[in-house]
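Here's the structure we're looking at; comments come further down.
FYI, it's all coordinate maths here, none of it is from the lab. Only a predicted model underlies this, so the values are computations on that prediction, with no experimental measurement involved. Here the Cβ is made from the backbone with ideal geometry for all residues, glycine too, and neighbour counts use every protein chain on show.
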Amino acid sequence: MLDRFGEAISVVLGALALAYLVYEIDRRKRRLRDLFHVLGSEEADISGELLSMVESGELQPYSREARA
Amino acid sequence: MPKSPSGTRPSRRPRARAGVPSNGAVSPATENLVRSPDAQDERVAAEPVASSRLSEPEPASGDSAGAGMVIELPARPRKAARRKYKPPADPRFRIFIIDSGWNAVARRVLRHNFALIRRLHKEELIYLLSRKKSVEFIGRHRSLIGRDPIIAVHDLKAMGGRGTAAFHGFHLHLGILRTPRQALVALQTFAHFVGHPPSLEKSRSRHTHRASPRGYAGLGRDPPT
């Protein structure tokens, strides 16, 4: 009886540890994707606006002289 | 009858008062010292050692004995030979920095470590958006709220082929980080990546998921958590 109970506890604890591991990996992966967000077609409007700001001359490349 | 410069007057005159123009109060003996600013500039440029002596009282010699006046030198002229900025001939990336300033921690880290980004500006094009422009820009793109400072990197090589319709770069959202250490590590990772870009296409084909820095750039280094 005790053996079976011990086994059950071990299985539950193992499952919990595994679930936490999976959760933690997934959380870090999501956070990483959020930090380094790759631009695709969904962000085309954001990039397009930056591009148009450059092309219209609204944004000038950074230079030390311009900064001074 | 005008008094002679070397008459009963003391040999040294008191300092000229600040704000009083010196041109009108110059004795003839010291006229040769008080020249036009241009002439002084030339003298400063040509004789740096001699010019340092101008502020000291001249040794008493003849008529110039009473010439103990202080001459205010103009500010040191800038070196004319400062190189003009030339945009890189063949940049790989175009980097935009968008910062409305709401995240003080990340903003401070970015400002203090701007040298990391400035180092890239010989090879890449860098654009800084002012705070006002950043606020307006983020207001138009609500998905960016709470994520700035943002470093947006456009891969010109990728954009040359398909424009912005497909993969064309990445955003570094420093604003989601809370501690200076996390922000600094992320910034260093970014600078390392942009400084040594791998073949993005190869890297992208190896990793089918949307890239993480490890998969995307192959940096082999843990990003901040």
For A:E49, project a label point 7 Å along Cα to C-beta. Then give me every residue of the range B:119-145 with its amide nitrogen under 13 Å of that point. B:133-145
Taking 30 Å as R0, compute the FRET efficiency from the Cβ-Cβ separation of A:L18 and B:R178 and round it to 0.05. 0.55
For every other residue with a beta carbon closer than 12 angstrom to the beta carbon of B:I98, add +1 if it is Lys or Arg and -1 if Asp or Glu, then tell me the sum. +2
